[in-house]
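A.B. asks: Please find one structure pasted underneath; my questions will follow.
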Amino acid sequence: MRIELSKGITLQSGTFNAVIAPEKVIVAAINSHADLQRFLFLFVCGNYSRLLSGINRTSGNFEIRRAFTAHQLFTIVKEASHTIVFVEHDPTMFDGAEKMIIPVSGALKDVGREALVILYTPSMDRPFSALMRSADRVFQITAPDGSMDRPQRSARSYRIGGPLPPAQTTLEVS
Amino acid sequence: MGRSFTSIRQGVKSTADHWARSSRALKKEDQPYGEKLVKLAKKHSSEAFYGCDDPLEAAVFSVLIEMIKKQEQPEQEKNDVDP
Amino acid sequence: MWILDSAYRGGVDLWVRDGAVTKIRHDYDPPFYLYLPDPHPHHDMIGTLESEYHAGECTFTTIFGELSGYRVFAGRSVAEAIEQQTNYEAQLFNVDVRIDQRFMAEHGIFPCGAEHESRFSPDISYNLRRFEISIRGNPSLSAAFTDIDVTHERCERLHGRERNVLADLFSLVTACDPDVILMPDADTWMPKLQKQARAHGLEMPFSRTGKYRRMDARSYWSYGRVEHKESALIPDGRILIDTEKSFVYREGGLAGVLMAARLSGLPPNLTSRFTPGTLISSYEVYEAVRRGIVVPFRKSDAEKVRRFAELRAADRGGMMFQPAPGIYGDVDEIDFTSLYPSIIVQANLSPETIEHPERQGFLPAVLDPLLGLRIRTKQLKKSDPRYAGIDSILKWMLVTCFGYTGYKNAKFGRIEVHEGITGRSRDILMRTKDIAEAMGFCVLHGIVDCLWVQGSPIEALKAHIEQTTRLLTEIEHFDWIVFLPQNDGSGAYNRYYGRLSDGSVKVRGIAARRHDTPEYIRAMQRDMLTVMASTATIADVGKAKDLVKAIYRHAVQNLPYAHAQDLAINRRISRLTYTHRCIEGAAVKEYQKRGVAVAPGAKISYVVRDARKYAIDPAWSAGSFDVRYYRELLDKAWGEISYAFMSEKPSLNCVGRDNRSINTIH
């Protein structure tokens with residue numbers, strides 16, 4: 001099963017994909033993408049989601065499960081039996097629970113053997129870059145005007161390296 | 001904890017802001033109606049919250065209530081005058 | 001036995017007051033519990049636990065029911081190793097329960113109470129020797145200890161060279177041998193005291209063992225705000241209260257601190273340093289252990305999967321009715337007493353009753369006696385103000401238990417319970433509105449657990465509401481009340497002020513009430529409200545306009561000559577770096593520049609010297625100030641009051657059921 005998330009970005013089932021993209025792009029994809037609407041879709045997020053309020057899905061195949069702790073996130077990912085598992089990254093999730101990053105990353109990879117797993121963030125931070133280490137593929141989408149979303153505010157938010165290149169990039173990681 | 005969705009109040013305000021913006025594109029003589037629409041959208045947002053989860057639904061509910069009131073009030077006044 | 005302090009130092013030390021204070025040590029080596037959904041892959045690990053940590057098979061009880069697993073006689077590090085080795089499949093219990101608290105709970109004893117006393121009595125008797133120490137100086141800046149006020153049987157002032165002052169202080173404490181020491185900013189001073197004592201070759205006598213426990217400074221999120229706790233040195237066998245920083249002491253006094261200890265099973269040294277959220281969670285833990293229920297280590301059970309529409313419908317807060325801004329006469333405020341905890345108890349809401357509503361829930365069972373106690377203290381304080389402090393502590397514990405139920409670290413919380421509470425609260429407020437309107441009342445404003453109505457007879461309405469909802473309410477009568485508008489002209493939620501029937505003024509959300517308002521401006525509003533409070537009808541309020549406006553003019557005229565200290569803005573900072581330039585950010589930088597440690601959650605006090613240049617002075621060194629900036633704040637505060645006199649927005653009288661205007665209702 002393949003899904004075209006956005007122009008030039010095709011995701012395959014049986015992969016764990018990390019996606020960095022503006023919120024508008026992702027919300028538009030979730031709202032209007034016919035393929036995403038066909039399959040059993042699990043949306044995972046933390047307490048404060050930046051995407052949920054923009055989503056207009058009332059279809060029965062769109063389910064949500066929230067994680068308020070890193071341990072809950074681990075449980076949710078392990079128990080996911082959906083065709084598409086979408087995880088909206090919460091930068092504060094691993095505050096005080098850094099030890100859970102590797103298990104969660106591993107669980108995403110495990111689920112990604114069968115399902116199509118998308119780990120999403122509007123902007124890079126340290127926990128996300130650690131989580132995506134076991135991803136099969138990493139995608140980065142910039143807005144048409146070349147802008148990037150501002151980093152999410154959190155008690156500790158990190159910016160990795162310098163500014164990211166403005167073009168669409170796909171990093172294939174074996 | 002909880003509150004993963006923006007509140008209805010905030011959602012209605014956001015919708016009203018969109019409508020205010022759109023109103024600016026109206027002809028000058030139509031703009032006052034746009035302003036009125038924005039006010040009406042917010043007027044009953046706290047009550048709409050009880051049954052509506054969707055901010056747009058709540059904004060429309062609010063406007064419609066006021067419109068129905070306006071329509072029926074002239075009737076009411078007529079009735080009050082009757083003995 | 002009356003326990004005034006406890007600690008775990010290899011064994012459980014209980015400090016008991018029985019005439020003198022003695023330490024009783026109990027050997028106590030409790031296990032934690034392990035459950036493996038599938039033990040087979042972990043065969044080797046179990047073997048190791050058996051041989052090294054005396055692990056053995058056993059059954060234990062969670063709030064959901066019995067589990068078959070293992071008891072392991074080891075500490076947290078072993079528990080964490082088990083987690084990692086089983087890739088977090090292992091479920092662990094009673095790993096992070098305080099050992100002294102656990103000992104007391106298992107043996108049915110508690111701090112600050114005699115055996116025959118009930119933990120849920122509103123009365124607390126104690127016989128503790130008090131000693132008060134007040135160190136002159138600013139604890140944020142480094143200061144020498146040359147001037148200390150001391151109060152025991154009498155007041156004394158110790159004054160002179162630091163070595164002598166400290167030596168005198170220490171010998172006084174030793175001679176007096178107090179049980180409780182009250183010291184403003186104790187937690188800030190103590191590390192410095194210790195350092196200076198050592199420098200002078202003196203020994204601090206505060207701890208009855210000479211040893212101190214350390215509570216590290218940290219910042220943490222609490223209820224949507226960052227809180228900050230200072231690093232504290234806690235003595236053994238003596239209660240040391242930082243009277244300035246302790247929320248519990250400020251609200252409830254010494255009785256409040258001791259009561260919190262009795263309920264939570266934590267010693268007063270800790271309850272005086274904890275927030276109400278930690279107190280209620282400790283109370284729940286104590287109750288669980290007392291009932292033989294194990295406390296989960298991690299919060300790993302997540303909410304159920306839900307469809308989009310289902311979640312959106314459930315993820316909502318309390319009901320509100322927006323007011324039409326204006327001034328109203330003869331208004332009653334109806335408040336539900338501890339609404340959310342009452343709903344938990346009444347509707348039997350608990351994590352395990354989500355699936356099994358027929359069971360008696362743990363949370364309701366545990367909150368019920370606390371709720372009952374609070375209802376009693378609320379009643380008692382009307383005739384005896386001594387109960388006000390205790391009532392306040394209970395109120396705060398109950399208020400935070402709701403937030404705590406949804407809180408990510410809540411041991412016994414589930415978001416579905418949280419949602420069940422808010423859902424029922426919306427229905428209750430709606431039903432109350434229906435009842436009020438059916439009885440001819442007008443509903444002016446409503447927020448979650450209170451309603452403002454116009455009409456009569458109010459006692460009949462109260463009775464009917466209580467009968468229908470089976471919840472307790474309180475009534476406050478306003479002779480007049482002003483509901484303020486938002487920027488867009490629609491009514492603001494919870495921003496009002498008015499005169500109660502006893503002549504006092506009740507305010508919410510205006511400058512006089514906000515913590516960060518400078519004293520100069522707060523005083524102006526206070527004076528204005530005092531004048532307005534002397535008027536009992538709306539008509540008379542209008543007559544007071546000239547007098548009140550004169551206060552404003554006076555405040556404006558005198559502003560340039562005000563003391564800079566009176567213009568200090570007090571804020572609790574939530575971060576150290578700011579995304580864009582702002583006054584608060586400049587204030588934080590200024591503090592740091594002057595070498596004062598600040599952390600998120602700490603309070604700062606500053607004066608704006610020049611708003612355009614973001615020039616800020618900390619309050620203690622402030623001299624000049626930006627008159628224009630403060631004039632703006634002053635005008636805003638004036639605007640809140642002058643709104644009451646605005647004739648362009650006529651006050652609406654209650655429109656009754658048949659849509660006719662009613663001026664008076666009998």
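A.B. asks: How high is the FRET efficiency between A:T58 and C:F64 when r is their beta carbon distance and R₀ equals 41 Å, given to the nearest 0.05?
C.D. replies: After rounding, the FRET efficiency stands at 0.80.
A.B. asks: So, one more: With the Cα gyration tensor of segment A:25-85 giving a ≥ b ≥ c as the square roots of its eigenvalues, does the rule (a/c under 1.5 for rounded; else a/b larger than b/c for prolate; else oblate) give rounded, prolate or oblate?
C.D. replies: Here segment A:25-85 falls in the oblate category.
A.B. asks: Which three semi-axes in whole Å describe the equivalent ellipsoid of segment C:563-624, each the square root of 5 times a Cα gyration tensor eigenvalue, listed largest first?
C.D. replies: Those come to 17, 13, 10 Å.
A.B. asks: What shape does segment C:369-521 have by the C-alpha gyration tensor, where a ≥ b ≥ c are the square roots of the eigenvalues, rounded means a/c under 1.5, and otherwise prolate means a/b greater than b/c and oblate the rest?
C.D. replies: rounded
A.B. asks: Per-residue HN-Hα couplings for segment C:148-155, Karplus 6.51 cos²θ - 1.76 cosθ + 1.60 at θ = phi - 60°, whole Hz, x for Gly and Pro?
C.D. replies: 10, 9, 10, 10, 10, 6, 9, 9
A.B. asks: Treating only the Cβ of Lys, Arg, Asp and Glu as charged (+1, +1, -1, -1), what charge dipole size does segment C:111-290 show about its Cα centre? Round to the nearest 20 debye.
C.D. replies: Dipole about the Cα centre, nearest 20: 480 debye.
A.B. asks: Provide a list, ordered by number, of residues in segment B:1-34 showing at least 10 Å² less accessible area with every protein chain present than when their chain is taken on its own, using a 1.4 Å probe.
C.D. replies: Listed by number, the residues meeting the 10 Å² cut-off are B:M1, B:G2, B:R3, B:S4, B:F5, B:T6, B:R9.
A.B. asks: For peptide A:53-59, how many partner chain Cβ atoms fall within 10 Å of a residue's Cβ, on average?
C.D. replies: Mean number of neighbouring Cβ atoms from other chains: 4.
A.B. asks: Starting from the 7 Å offset along Cα-to-Cβ, what nm value, one decimal, do you get for the label separation of B:A20 and C:F120?
C.D. replies: About 5.2 nm separates the two model spin labels.
A.B. asks: Compare the peptides B:43-50, A:96-103 by average per-residue count of other Cβ atoms within 10 angstrom and give them in order, highest first.
C.D. replies: Ranking the peptides B:43-50, A:96-103 by packing returns B:43-50, A:96-103.
A.B. asks: Now for a separate question. With both bridge residues required to lie in the protein assembly as shown, what share of the DSSP beta bridges run antiparallel, to the nearest 5%? Numbers along the way, then the final one.
C.D. replies: Details: 96 of 128 bridges.
Within the protein assembly as shown, antiparallel bridges account for around 75 percent of the total.
A.B. asks: So what are the ³J(HN,Hα) numbers for segment A:105-115, from phi and the Karplus equation (6.51, -1.76, 1.60; θ = phi - 60°), rounded to whole Hz, Gly and Pro as x?
C.D. replies: Those phi angles translate into 4, x, 5, 4, 5, 4, 5, x, 6, 10, 8 Hz.
A.B. asks: Once phi is turned into θ = phi - 60°, what whole-Hz ³J(HN,Hα) does the Karplus curve with 6.51, -1.76 and 1.60 give for every residue of segment C:341-349, x standing for Gly and Pro?
C.D. replies: Here the 3J(HN,Hα) series is x, 4, 5, 4, 6, 5, 9, 6, 8 Hz.
A.B. asks: Taking the C-alpha atoms of segment C:457-615, how large are the radius of gyration and the largest Cα-Cα span, Dmax, in Å?
C.D. replies: 20.8, 62
A.B. asks: Please list C:R102, C:R470, C:R298 in order of solvent-accessible area, largest first, computed with a 1.4 Å probe with all protein chains present.
C.D. replies: C:R470, C:R298, C:R102
A.B. asks: So, with a 1.4 angstrom probe, what is the percent of accessible area on chain C that is carbon and sulfur?
C.D. replies: With neighbouring chains kept in place, the figure for chain C is 49 percent.
A.B. asks: Along the charge dipole of chain C, pointing to its positive end and built from +1/-1 on Cβ of Lys, Arg, Asp and Glu, which listed residue (C:L451, C:S350, C:S264) has its Cα farthest out?
C.D. replies: C:L451
A.B. asks: Find the centroid of the Cα atoms in segment C:121-182 and in segment A:101-121, then give the distance between the two in whole Å.
C.D. replies: 59 Å
A.B. asks: Starting with the highest mean, order C:167-176, C:241-250, C:194-203 by the number of other Cβ atoms within 10 Å, averaged over the residues of each peptide.
C.D. replies: C:241-250, C:167-176, C:194-203
A.B. asks: Shifting gears a bit: Against the globular-protein guess of 2.2 N^0.38 Å, express the Cα radius of gyration of the protein assembly as shown as a ratio, rounded to two decimals.
C.D. replies: Its radius of gyration relative to the 2.2 N^0.38 Å reference: 1.04.
A.B. asks: Restricting to segment A:2-136, what percent of DSSP beta bridges are antiparallel, rounded to 5?
C.D. replies: Details: 4 of 24 bridges.
Of the beta bridges lying entirely in segment A:2-136, close to 15 percent run antiparallel.
A.B. asks: Taking segment C:259-331 as the region of interest, what is the percent of Cα-Cα pairs per 5 angstrom bin, listed from the shortest bin to the one with the maximum distance?
C.D. replies: 3, 11, 13, 9, 11, 10, 12, 11, 10, 6, 2, 0
A.B. asks: What is the spin-label model distance, in nm, from C:I375 to B:L64 if the labels are put 7 Å beyond Cα along the C-beta direction?
C.D. replies: 4.2 nm
A.B. asks: Give me the summed buried accessible area for the C-B pair, 1.4 Å probe, to the nearest 100 Å².
C.D. replies: Using a 1.4 Å probe, the pair buries roughly 1900 Å².
A.B. asks: Using Stokes-Einstein with the Kirkwood hydrodynamic radius over Cα pairs, what translational diffusion coefficient do you get for segment C:32-93 at 37 °C and a viscosity of 0.692 mPa s, in µm²/s rounded to a whole number?
C.D. replies: 284 µm²/s
A.B. asks: Using only the alpha-carbon atoms, what does segment C:58-192 span along each of its principal axes? Please give whole angstrom values in decreasing order.
C.D. replies: Ordered largest first, segment C:58-192 gives principal extents of 66, 41, 23 Å.
A.B. asks: Does chain B come out rounded, prolate or oblate, given a ≥ b ≥ c as the square roots of the eigenvalues of its C-alpha gyration tensor, rounded meaning a/c under 1.5 and, failing that, prolate meaning a/b above b/c? Mind dumping the intermediate values first?
C.D. replies: On the way: a/c = 4.21, a/b = 1.38, b/c = 3.05.
Verdict is oblate for chain B.
A.B. asks: Ok, one more. Counting Lys and Arg as +1 and Asp and Glu as -1, each charge on the Cβ, what is the dipole of chain C about the Cα centre in debye, to the nearest 20? Mind showing how you got there, number by number?
C.D. replies: Values: 86 positive and 84 negative charges, 401 e Å.
The dipole magnitude comes to about 1920 debye.
A.B. asks: Check which residues have an amide H placed less than 5 Å from A:V87's amide H, if you skip close sequence neighbours.
C.D. replies: Amide H to amide H, under 5 Å and 5 or more residues apart or across chains, A:V87 pairs with A:V44, A:I118, A:L119, A:Y120.
A.B. asks: Any idea how far the Cα center of segment C:520-581 sits from the one of segment A:23-67, in Å?
C.D. replies: 49 Å
A.B. asks: Based on Cβ point charges of +1 for Lys and Arg and -1 for Asp and Glu, what charge dipole magnitude is obtained for the protein assembly as shown about its Cα centre, in debye rounded to the nearest 20?
C.D. replies: Numbers: 119 positive and 114 negative charges, 503 e Å.
For the protein assembly as shown, the charge dipole is close to 2420 debye.
A.B. asks: Same structure again: So what's the convex hull volume per residue for the Cα atoms of segment C:220-356, in Å³?
C.D. replies: 232 Å³
A.B. asks: Starting from the 7 Å offset along Cα-to-Cβ, what nm value, one decimal, do you get for the label separation of C:R628 and C:Q592?
C.D. replies: 2.8 nm
A.B. asks: Take segment C:111-290, compute every pairwise Cα distance, and split them into 5 Å bins from 0; I just need the percent in each bin.
C.D. replies: With 5 Å bins starting at 0, P(r) equals 1, 8, 15, 20, 20, 15, 10, 6, 3, 1, 0.
A.B. asks: OK, next. Would you kindly state how much longer the chain becomes between C:H152 and C:E106 on full extension, computed as 0.36 nm times their sequence separation minus their alpha carbon distance, in nm to one decimal?
C.D. replies: Net length gain for the segment: 12.8 nm.
A.B. asks: Now for a separate question. I'd like the mean, over residues of C:484-490, of how many other protein chain beta carbons sit within 10 Å of each residue's own Cβ. Walk me through the numbers on the way to the answer.
C.D. replies: Numbers: counts 0, 0, 2, 0, 5, 2, 6.
Partner-chain Cβ atoms within 10 Å, mean over residues of C:484-490: 2.
A.B. asks: List the residues, sorted by chain then number, that are 5 or more residues from C:T209 or on another chain and whose placed amide H is less than 5 Å from its amide H.
C.D. replies: It is C:D236, by chain and number.
A.B. asks: Also: Across peptide A:94-103, how many C-beta atoms of other chains are within 10 Å of each residue C-beta, on average?
C.D. replies: Mean partner-chain Cβ count within 10 Å for A:94-103: 2.
A.B. asks: Beyond 19 Å, what share of the Cα-Cα pairs of segment A:2-136 is found? Please give it as a whole percent.
C.D. replies: I get 43 percent for the Cα pairs in segment A:2-136 exceeding 19 Å.
A.B. asks: Hey, any idea what the orientation-averaged projected area of the convex hull of chain C's Cα atoms comes to, in nm²?
C.D. replies: 35.2 nm²
A.B. asks: Hey, another quick one. If you take every residue apart from C:V257 with its C-beta less than 13 Å away from the C-beta of C:V257, what net charge results, scoring Lys and Arg +1 and Asp and Glu -1?
C.D. replies: +1
The values are calculated or read from the model by the stated rules, or taken from the named source; none is laboratory data. Quick caveat, the model's predicted, so the values are computed rather than measured. We place every Cβ from the backbone using ideal geometry, glycine too, and count neighbours over all the protein chains shown. Side chains included, ligands, DNA and RNA excluded: accessible areas come from the protein's heavy atoms. Shrake-Rupley method; radii C 1.70, N 1.55, O 1.52, S 1.80 Å.
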